[in-house]
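Participant: Let me give you the structure first, and then I'll get to my questions.
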Amino acid sequence: MSIRRPAMEFINFINNSPTPYHAVANVAAMLKAHGFVQLKESDPSWTRSLSSNSKFFVTRNDSSIIAFSTLGLLSSPLNSFAIVGAHTDSPCLRVKPVSSKTANGFLQVAVETYGGGLWHTWFDRDLSVAGRVLYKKDNFIKAGLVDLKDPIMRIPTLAIHLNREASNKFEFNKETQLLPIAGLVSDNDATKSDSLDAQSAETVLPDIASRHLPGLLDRVARELGITSSDIVDFELVLHDTQPATLGGLQSELIFSPRLDNLNSTFCATEGLIQACEANIAPGIVPLISLFDHEEIGSESAQGARSHFLKTTLKRIYCSIADDGSQSLPDYDAVMANSLLLSADMAHGVHPNYASKHEDAHKPALNKGPVIKINANQRYATNSVGIALLQKIAGFESRPVPLQLFVVRNDSPCGSTIGPALSADLGMPTLDLGNPQLSMHSIRETGGRDDIDHAVNLYRKFFMYYGTAKTEMSIDIEY
Ligand SMILES: [Zn+2]
């Protein structure tokens, strides 16, 4: 397998995934192309349909997705889950519920900050809009995804001549100065917005046409093949139109938006697909769980702190138990036997800010996934997980390189979905992820080869977790 192939597929994936909705749709498309079938959470009988196939996925809010396979149960009863968790969301600017603004001849769109973005990087970028739209069709309200792709907005910086201090320190107000322009007011806009002020008879909120720029609604409607009066509501976010690309003299880097955490989302999906094509460890259900809302604390119906994963694991277990053909260990024993890899991006060492890293822990790009360790449990990794992961990475002739990261004692530390999921599920967990620079910038930098490394690591995890476990006996007898 060439190293470049998964990296190019990843770049294609990221360019088509400007929002969590698009990421989930693209993950679902990858899975469907490899024989996975959709289950619906609202279907009371989906547990019974597990016998109909061996590869499944289920979504929540169209922005979180879980996929798993029962192939490993053909030869052996359920013993454990091998889970890779990641997140589908990234910091961004979201169009406000009432967004239409004009000022000094400019059309503007009011936006709300989502997550902890490096917002100064959003200035002077060519921005477009994408997201989920609810619209009326044939007396139903339907949902569709849009990506306008064209550069319809921009947040302009102030000229240096008008702010001499900006070359030393760039400061701005997130409410009043992080406000995109979307063109110039024309006579047409004036008459159009006047005529749309009237309240529609069938809505209790001000008509959507009075809340947003008519030009923006027209573009969204055109993309969906509807008229703008059919739009009911939406979640639209801004994104950079510059596509992700390989970079560097040897094309050894990736310059891209949303590496955090579509990198892990893609690698987990590809790892699961490849493992299912090869061989799943006997008695293991391999599973990926990709959540929305990590960037804002995971506390939502589809976030990692919801019961989405927990209930899905229970439904899978009950379905296999109800089938009666296998005698299963207790559910809690299965949980204790399982392992969660919490996959999220890591901070690679920055050549211009190398002192921000602890001396002996400086992860490098293209040197493989980084195991994240924190004594204060901002990361859930422990020595048992590290021992297991090393075994898993070492299978086959080409081992996957791994690196270690711990934050300096005088530095703040990020966190992941790992500790919360680990506590809630009572499942051993290890935090890891590919190294990158500029986390939460609109344009991040990662390593090309790390895509291949992470895909291989997750594939091996699903293929060899059972074997690796049998080679360990770490329970202390008292
Ligand atoms: Zn992240």
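The values are calculated or read from the model by the stated rules, or taken from the named source; none is laboratory data. Since the model is a prediction, treat every value here as computed from it, not as a measurement. In this analysis, Cβ positions are derived from the backbone assuming ideal geometry, glycine residues included, and neighbour counts consider all displayed protein chains. All accessible areas refer to the heavy atoms of the entire protein, side chains included, with ligands and DNA or RNA removed. Shrake-Rupley method; radii C 1.70, N 1.55, O 1.52, S 1.80 Å.
Participant: Within region 442-462, which residues are open to solvent by 20 Å² or more (accessible area, probe 1.4 Å) and either away from the ligand (no atom under 16 Å from the Cβ) or out of contact with any Gly (no Cβ under 8 Å at 6 or more places or on another chain) (or both)? Spell out how you get there, then give the answer.
Facilitator: Residues of region 442-462 open to solvent by 20 Å² or more (accessible area, probe 1.4 Å): 443, 445, 448-449, 453, 459.
Matches in region 442-462: R443, R448, D449, H453, R459.
Participant: Among the residues of region 150-187 satisfying the criterion of being among the hydroxyl-bearing types (S, T, Y) and either modelled with pLDDT under 90 or in contact with a helix residue (DSSP H, G or I) (Cβ under 7 Å, 6 or more places away or on another chain) (or both), which is farthest from V220 (Cα to Cα)? Walk me through how you get there before you give the answer.
Facilitator: Residues of region 150-187 among the hydroxyl-bearing types (S, T, Y): 157, 167, 176, 186.
From what's left, either modelled with pLDDT under 90 or in contact with a helix residue (DSSP H, G or I) (Cβ under 7 Å, 6 or more places away or on another chain) (or both): 167, 186.
Details: S167: 38, S186: 20 Å.
Per the criteria, the residue is S167.
Participant: Go through S383, S338 for me and flag whichever is surrounded by 16 or more Cβ atoms within 10 Å (Cβ to Cβ), over 22 Å from H440 (Cβ atoms) and among the hydroxyl-bearing types (S, T, Y).
Facilitator: S338
Participant: Let me ask something else about it. Wholly within region 1-114, which strands (runs of 3 or more DSSP E) include no fewer than the required count, namely at least 2 residues that are of a type in the set (G, A, S), open to solvent by less than 30 Å² (accessible area, probe 1.4 Å) and in the same structural domain as T265 (by TED's automatic domain parsing)?
Facilitator: On the way: elements: 37-39, 55-60, 64-69, 80-87, 92-103, 106-114.
In region 1-114, 64-69, 80-87 are the strands (runs of 3 or more DSSP E) which contain 2 or more residues that are of a type in the set (G, A, S), open to solvent by less than 30 Å² (accessible area, probe 1.4 Å) and in the same structural domain as T265 (by TED's automatic domain parsing).
Participant: What is the number of the single condition among (1) over 30 Å from A468 (Cα atoms); (2) touching a residue at least 40 places away in the same chain (Cβ under 8 Å); (3) more than 16 Å from the ligand (Cβ to nearest atom) that K96 does not meet?
Facilitator: (2)
Participant: Hey, can you tell me all the residues within region 420-441 that are open to solvent by less than 10 Å² (accessible area, probe 1.4 Å) and either of a type in the set (A, V, I, L, M, F, W, C) or assigned to a strand (DSSP E or B) (or both)?
Facilitator: Quick first cut of region 420-441, residues open to solvent by less than 10 Å² (accessible area, probe 1.4 Å) only: 421, 427, 429-436.
Of everything in region 420-441, those that are open to solvent by less than 10 Å² (accessible area, probe 1.4 Å) and either of a type in the set (A, V, I, L, M, F, W, C) or assigned to a strand (DSSP E or B) (or both) turn out to be L421, M427, T429, L430, D431, L432, G433, P435, Q436.
Participant: When you scan region 115-149, how many residues do you find that are open to solvent by less than 20 Å² (accessible area, probe 1.4 Å), part of a strand (DSSP E or B) and small (G, A, S)?
Facilitator: Result for region 115-149: 4.
Participant: Now a separate question. Take the residues in region 287-316 that are within 16 Å of the ligand (Cβ to nearest atom) and hydroxyl-bearing (S, T, Y); name whichever of them is surrounded by the most Cβ atoms within 10 Å (Cβ to Cβ).
Facilitator: Step by step, filter region 287-316, then rank; the result is S289.
Participant: Among the numbered criteria (1) at pLDDT 90 or above; (2) open to solvent by 10 Å² or more (accessible area, probe 1.4 Å); (3) within 30 Å of L238 (Cα to Cα), which one does L404 miss?
Facilitator: Answer for L404: the failing condition is (3).
Participant: Right, another one. Within region 380-419, can you find the residues that are of a type in the set (V, I, T) and part of a helix (DSSP H, G or I)? If you could, list the steps in order and put the result at the bottom.
Facilitator: We begin by selecting, within region 380-419, every residue of a type in the set (V, I, T); these are 381, 384, 386, 392, 400, 406-407, 416-417.
Matches in region 380-419: V384, I386, I392.
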